[in-house]
Every structure is written in structure tokens, then in C-alpha cells.
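Reviewing the structure listed below.
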Amino acid sequence: MLSVDFSLDKKSISKLSSSGLSLESIRNQLEDGLDFSLELWRAQGLNIVKKQGYFYFDTKFLSIDEAEFCIVDIETNGSNLLKHQIIEIAALKIKNNIIVDRFESLVQCDEINEHISLITGINVQETKNAPPLKAVLYAFKDFIRDSIFVAHDVKFDYQFISGSLVKVGLEPLLNRSLCSLALAERTLISYRYGLSYLSDWFHLNPLATHHRAMSDVITTFELFKLSLQNCKESINNAEDLIRFSREASRLKRPKFDPLKESEEKKQELDE
């Protein structure tokens with residue numbers, strides 16, 4: 001997932017992740033100089049490298065063990081970026097399936113409706129003394145750097161954070177991204193793929209507090225590890241994993257909910 005502000009067309013982006021993009025092709029699409037563009041993209045979380053005369057995403061040359069994945073979750077006071085804002089953000093930076101760093105912060109907010117508070121447990125009083133959005137986003141941007149952005153249903157979190165960065169005067173995200181929901185659909189058989197359901201079905205996080213950012217990040221991390229363990233595809237690098245999560249066939253879902261059947265059987269035994 002790349003911001004609409006990225007200078008290159010879709011065909012060129014595809015080549016950056018696969019066969020490579022020639023110097024001529026990349027220069028023909030740039031308004032600014034090549035060196036300036038490469039530095040700007042790197043500052044936005046996208047590292048493009050040159051190998052044997054062609055340009056590639058650096059994830060093309062990073063093994064799964066070498067790549068840094070940043071697992072992210074946000075809570076917001078609504079789903080409309082124009083009207084609403086982030087109220088909590090959390091992230092774990094992962095390398096070789098080990099947590100190497102963590103980030104967590106509430107965000108100062110003047111308005112959180114009762115429905116959102118009931119879902120998240122976060123109210124205005126809790127965020128009153130939290131740092132403002134701009135400060136939190138600056139810190140998060142420094143934290144994630146050029147890691148691969150991972151989230152459950154990644155489009156929402158990625159676009160909301162990227163759009164929020166623009167709102168406070170920063171450049172949008174360009175990090176490579178991976179959806180843990182899409183990866184799970186291709187590696188794990190489940191009746192549903194919502195994070196809470198997957199946590200219950202696969203016993204991912206027995207201490208989960210759903211819709212709190214760090215708790216959901218921890219659950220997503222456990223899901224990510226389980227998906228990697230169950231991936232049958234030959235994955236040579238991080239870019240292969242991203243492509244697999246987007247293009248491989250989804251596994252067939254069960255016709256009936258095994259969790260519901262298990263609960264019904266338990267009730268019968270208790271009667």
C-alpha cells in the first residue's frame with residue numbers, strides 16, 4: 001500500500017517489487033532529481049536500492065528473519081479522517097519473531113462519544129493530559145522508520161495514520177505494508193477472520209482486552225507468528241511474503257462455526 005502522493009505509476013511500483021525498474025524509467029517519472037526523490041521516499045519509510053543497474057524495494061533482498069516488521073493498531077474517536085482523530089496508538093517492532101522495540105501512547109482529545117468509550121474503555125478524562133496528536137505522530141514516525149507496516153485489516157490503520165500525518169504537516173507514509181487478516185486467510189483455516197474471533201479460536205492472547213491498541217497489537221503479533229509457521233509457500237524474502245498475502249488463493253472456510261458448536265456442546269453437558 002503506497003500513498004497516492006508516490007510519484008511512480010502502478011506498473012513501475014510492480015517492477016520495484018519484482019523484476020526491477022530501470023534508471024531511465026524512474027527518471028522519466030520524477031519532477032525532482034533522483035537522489036532527492038530517493039532520500040524523500042526513505043524519510044517517508046520507503047527504501048529503494050539499486051542492484052546491477054535496476055532499482056528495487058529493499059524488501060526484495062531482505063529475508064523474513066532480517067526484515068523489520070512494525071505491528072500497529074490505533075483506536076480512533078470515529079472512522080472519518082476529516083472529522084475524527086487517533087486517540088490511542090501502539091506498535092511492536094519485530095525482527096526474527098522477537099520484539100525489539102515498542103511504542104504506546106494515548107493522544108489528547110477533546111471529544112470522545114459514549115459509544116466509542118464503551119467499545120475502547122477510553123474517555124476524554126483519560127486523554128486530557130496525553131500528548132497532542134502532532135507530538136505522538138512525530139514520535140511514531142521516528143519509531144517505525146522504514147519497517148514493514150503490519151496491521152489487522154491494514155488499510156484502515158495505514159490510511160488513517162498517513163492521512164493524520166498530512167493533517168499535522170508531515171509527509172504521508174510510504175512504508176511497505178502487510179495485512180495480517182489477508183495473510184491469515186491464506187495460511188489458517190477459520191470460520192471468521194476478525195481479530196477477536198481468531199484470538200479465541202487459536203488461543204492467541206488469553207489476556208486480550210479487545211479494542212485497546214497494545215492488546216490488539218500483541219494479539220496480531222501472535223497471529224502473525226502463527227501465520228508464518230503455517231505458510232506452505234516458498235517465501236524467499238519479505239517482498240515475497242507481501243505478494244503472497246495479497247495474491248495467493250484464500251483457504252476454504254468451514255460451513256459452520258466450530259466455536260459456536262463447541263459452546264453449544266458445553267452447555268448441553270452442563271445441563
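No lab work stands behind these numbers, since they all come straight from the coordinates. Small disclaimer: the values here were computed from a predicted structure and weren't measured. So basically every Cβ, Gly included, is an ideal-geometry build from the backbone, and we count neighbours across all protein chains shown.
Tabulated data
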| item | result |
| --- | --- |
| Burial ordering of ARG186, ARG145, fewest other beta-carbon atoms within 10 Å first | ARG145, ARG186 |
| Cross-link pairs beyond the 32 Å C-alpha cut-off, checked among LYS10/LYS51; LYS83/LYS252; LYS83/LYS141; LYS10/LYS141; LYS60/LYS225 | LYS83/LYS252 |
| Sparsely packed GluC sites (Glu not before Pro) within the stretch 47-139, loop by DSSP, other Cβ within 10 Å at most 14 | GLU66, GLU111 |
| Cα centroid separation, the stretch 69-107 to the stretch 131-194 (Å) | 7 Å |
| Residues SER162, SER227 arranged by fewest to most Cβ contacts within 10 Å | SER227, SER162 |
| Distance between modelled label sites at LEU228 and TYR191, nm, 7 Å Cα→Cβ extension | 3.0 nm |
| Label point at ASP32 placed 7 Å out along Cα→Cβ; residues across the stretch 169-196 whose backbone nitrogen lies under 19 Å | 169-176 |
